[in-house]
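What follows is calculated from the coordinates using simple rules that are stated; it is not laboratory data. Note that the coordinates shown come from a computational prediction; the quantities given were computed from them, not determined experimentally. Methodologically, a virtual Cβ is constructed for each residue, glycine included, from the backbone with ideal geometry; neighbour enumeration extends over all protein chains shown.
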Amino acid sequence: MPLFSKKDGIWNSGVNFFKTGGLWKQINILFLKDEGVWKEADSAVSPVNLQFEVYGSQGQKFGMNDAGSPPGDDPGRFGGLGGYTKVQMIIPTAYKITPYNFAGGVGGVNGGGASGFGIDGEWMVVAGGGGGAAGGTWYWPPSLGGWGWVAINVHPFNPNSHGSGGYNNSGSTGSAGVNGTYTQSVDGSGTKNSTAGSGGGGAPGGNAGTAQPNGGDGSPGTPGIGGGGNIRIWKDQGVTSGTLNVNPDWSMTFITSSNGTSAGGGVVITNLDTNGSVNLSGDMPVEDLKSI
């Protein structure tokens with residue numbers, strides 16, 4: 001913002017700068033009212049060089065093993081892993097970072113949630129959650145000589161159910177995953193269930209799998225599809241680096257991404273000038289990130 005001064009009867013304008021940490025920063029002018037009089041005060045609004053790592057959540061496991069108990073570490077019963085995206089941004093201290101979350105679908109086996117963040121109400125990055133697993137069970141009752149729940153089939157670990165990172169889903173700000181389905185049939189041989197996986201949250205959210213009709217004789221449904229990932233600069237401008245149209249004060253540079261990487265969702269912010277990091281758990285002013 002320009003500053004004005006009078007010298008030899010002539011008004012001159014200029015902008016004040018100061019240097020800190022090897023970077024030139026601009027001093028803005030604020031006006032305060034003190035007892036009815038407007039007064040001028042200097043206030044430095046400085047840009048902060050931040051790195052954001054965004055992790056989607058894993059979809060849930062299929063919840064039963066051959067003994068009718070929760071599963072152990074059997075990869076065949078796992079849901080898809082979440083996506084991962086890393087970007088760098090330069091954001092002035094006048095703004096606020098906000099977490100964005102998009103739930104996975106429910107019903108059947110739940111999908112994993114998407115993670116992301118925004119700035120002052122504008123979304124910036126979304127990394128998709130993984131789809132839920134799928135399975136089928138058959139209950140052979142003791143009256144027929146049976147001994148309880150038996151897992152007939154579980155859908156194998158499916159890379160297509162992974163959540164995605166990066167910028168491959170242009171045009172979506174984020175959405176929940178689609179709910180899965182469950183069917184059951186009962187006949188003289190027992191009770192047969194088919195459970196589908198639910199889609200992961202993302203940009204857009206993933207589609208659900210489907211259960212087999214009439215319980216499918218214990219055959220499994222299909223896993224949910226992982227949610228997609230996106231970054232704002234790609235959605236708006238079709239590029240991966242530059243100043244954002246939504247606010248020219250902000251710049252974004254895509255660094256890297258991967259699909260099917262993350263088990264636990266969240267956003268990690270690193271100040272690249274100090275190398276300090278923090279997990280984004282609520283609204284966080286950029287001013288507070290200067291000194292982490």
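A Cβ-based charge dipole, computed about the Cα centre of the stretch 49-289 with Lys and Arg at +1 and Asp and Glu at -1, lands at about 440 debye. Here the gap between SER170 and SER185, fully extended at 0.36 nm per residue and compared with their Cα-Cα distance, gives a gain of 1.2 nm. Available extension along the chain between ASP288 and ASN275 is 3.3 nm, counting 0.36 nm per residue and deducting the alpha carbon span. Cβ crowding within 10 Å ranks THR191, THR183 as THR191, THR183, fewest other Cβ atoms first. Modelled label positions at ASP217 and ASP120, each set 7 Å beyond Cα in the direction of Cβ, lie 6.3 nm from each other. A dipole drawn for the stretch 49-289 from +1 and -1 charges on Cβ atoms has a positive end, and of GLY201, VAL109, SER257 the residue lying farthest that way is VAL109.
Please give the Cα centre distance for the stretch 251-286 versus the stretch 93-143, rounded to the nearest Å. The two parts, judged by their Cα centres, are 18 Å apart.
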